[in-house]
Amino acid sequence: MITPAFELTQDPDFLTVKIRVPYARASEFDVYFEGEDFKFYAKPYFLRQLTLPGRIVEDGREKASYNTDEGTFTIQLPKEVPGQYFEGLDMLTSLLAPKKSRSAKPLVEEIAASAELSEDNEEEFDWEVEQTPYEESSPALQHPYGFGNLRSGVFQRLQDELSDVIDIKDPDQTPAEERRRKRLAAEAAKFEPDHYLADFFEDEAIKHLLKYKPWWIDAHKKMTALQGESHQEHDSPAFVVFSEEEREQMRKFTNKSYLLDKRSRHHVYLGLIDILLAYCYEICVNEGDKNVESSWNIRKLSATLCWLEVSFSSIHDVLVSFGRRVLCYPLYRHFGLVTRAFNDTVMILQLGKAAVLKCLLDIHKIFMESDPAYILNDLFITDYCIWIQKVKSKKLAALCESLQKTTLSKSHMGLELEELEAAAVLVQEEEKALKAAGTVSKQQLLCSESETSDSEESSSTSSSETEGSDSDEQESSTSEDGEINSFQGTLQEERTAPLIDCNGLRQGTNSSAMEVGDGKSKVSLQSTTPPGKLVEELEMQIHSAMRLSEQPEGLATAGCVSQEQEENPVPEPDRFSEDAAGKGNFLEVSPKPNPFLLLCSTNEDED
């Protein structure tokens, strides 16, 4: 027989049961309901028994209809007490449970064989008794773990998957206190101050993540608004809606009861808070999207899942453990994310067990899609999904109130966060001061450079004026030098050109000789006089030449000779020499250079 998919809703007067039975024979179906019991049969579907949270009655108002297109039966059942609110209609797994026996008889009773036990009494046999296979008795659990500390020895068979699921090496041989001690040591070794400070100062991405609003924020706003208007308490199904996939998950769970002592129940509640905190962090940092890191984030941030922690003594211990792990392991390590997860967990608990169940079903799905993490479903999450459906709402409300009253600060982490932040702020202020000082010095340097450039400009202006005057002077000196150079050029031309004597005869400078009468004398000219003195002599000779040109020919010749004797005194034997024929020889020039030499013939030849 197939258990059909079903859904329960309600209004003030009716309970509505919607059952989906595709391809069923609609002409043959049976419905039974009385008090808190409801049964349905339509071949091949059989809804064996629903244990309702309230009583229904058969008074003629009941209705049933079948939709052939959808293949669904819709049955409306009148409430025994109109206006009564049926709690927990979304807890499908708990609704499928067989009704508990309310008899005070002992569970095991020894009876004698009786002849009255015959085949005629077989109809009275309870077919709803659950049968369990035979299990070998095992010794008491030495180091238990899992939901309610009900498991042990699991990882002895799963050594290959051990390192991918949990951080503890040998959980079956490690006591609870030693697990706690190793966990704290691993967290202290993993904490990185640089990573924490980087997220503390550069928190733009984290501020963006904190703006994300998951589904429970809107549901909580609606619940708060409705409670403020009517002051009437409503259960979360009015605000929390399960998808068809989530309903299918609940139908697949095997309903069972858990015998937990007071200490185990305490650990179960604290473990629930720890798991919800890790789930809220995962939803916040991934903005509701699932990825390959989702399973890792949830199990890594929950000490209950990762270290099989069972030694929590209070809600504060759970918050401290979660806060430390957020600051040590994931990508975003910011205390603001710890506070956000704390507030989100409070909202989920305030919405009631339906919201808690919806989160647990999502965790169950995430772990089921992760290869090694499915083991945690068997150890924790499946049992939590079944157990939460039977928890009293008052218990959950009391847990939420205790969580709200608990405070958490950075000093509780034991990682010296406040000291690190203060030191980092001091370093940052020093860097700012140094940067400001560098900016001031740079500005001063720029000012000094600007002043220097101004002074350089003024000096360059004055120097340009000076250079202008110097250039004028240089131009005048250049002109003077040009004149001198022109004189020197004239002198050079005169040196290279034929020399003219007083009688108008030309002499070649290469031979430096002229014929006087019948005799010939050669004169070699050499100039070693400095240029300044050369100019002076040149000027004097020009003036003398001009005077000679104005005098008579005889006087000019005498003056030329006399002036030549005055300027270049030469001993008599060196000036004139006569050979045997009585003719004059060429004059020899004195070692003292004479740039402009006028040679005159003797008066004897003219006579």
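The values are calculated or read from the model by the stated rules, or taken from the named source; none is laboratory data. In this text the structure is predicted, and so the values were computed from the model without any measurement. Backbone-built Cβ (ideal geometry, glycine too); neighbour counts: all protein chains shown. Surface accessibility is based on the protein's heavy atoms, side chains included, excluding ligands, DNA and RNA. Shrake-Rupley method; radii C 1.70, N 1.55, O 1.52, S 1.80 Å.
Some values worked out for this structure:
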read-out	value
Order of exposure, largest accessible area first, which applies to GLU293, GLU58, GLU282 with probe 1.4 Å	GLU58, GLU293, GLU282
Heavy-atom accessible surface of the range 196-330: percent carbon and sulfur, 1.4 Å	52 percent
Per-residue HN-Hα couplings for the range 365-377 [Karplus 6.51, -1.76, 1.60; θ = phi - 60°; Hz; x = Gly/Pro]	5, 4, 5, 5, 8, 9, 4, x, 6, 4, 4, 5, 4
Within the range 162-232, GluC sites (Glu not before Pro) in DSSP loop having at most 10 other beta-carbon neighbours inside 10 Å	GLU202
Gyration tensor (Cα) of the range 266-347, equivalent ellipsoid semi-axes in angstrom	19, 13, 12
Trypsin sites (Lys or Arg not before Pro) restricted to the range 1-76 and DSSP loop, no more than 15 other C-beta within 10 Å	ARG25, ARG61
Coordinate range along principal axes, alpha carbons of the range 1-51, Å, largest first	33, 18, 18
Length gained when the stretch VAL57-SER409 is fully extended (0.36 nm per residue, less Cα-Cα span)	121.2 nm
Per residue Cα convex hull volume in Å³ - calculated over the range 299-434	133 Å³
Accessible area of the range 5-89 belonging to carbon and sulfur atoms, whole % at 1.4 Å probe	47 percent
Whole-angstrom gap from the range 167-186 to the range 1-29, using each part's C-alpha centre	50 Å
Alpha-carbon gyration tensor eigenvalues x 5, square-rooted, for the range 5-89, Å	22, 12, 12
SER302, SER314, ranked by accessible area, largest first (probe 1.4 Å)	SER314, SER302
Å² of accessible area per residue within the range 5-89, as computed with a 1.4 Å probe and no ligands counted	54 Å²
Qualifying trypsin sites (Lys or Arg not before Pro) for the range 295-395 [loop in DSSP, other Cβ within 10 Å: at most 16]	LYS390, LYS392
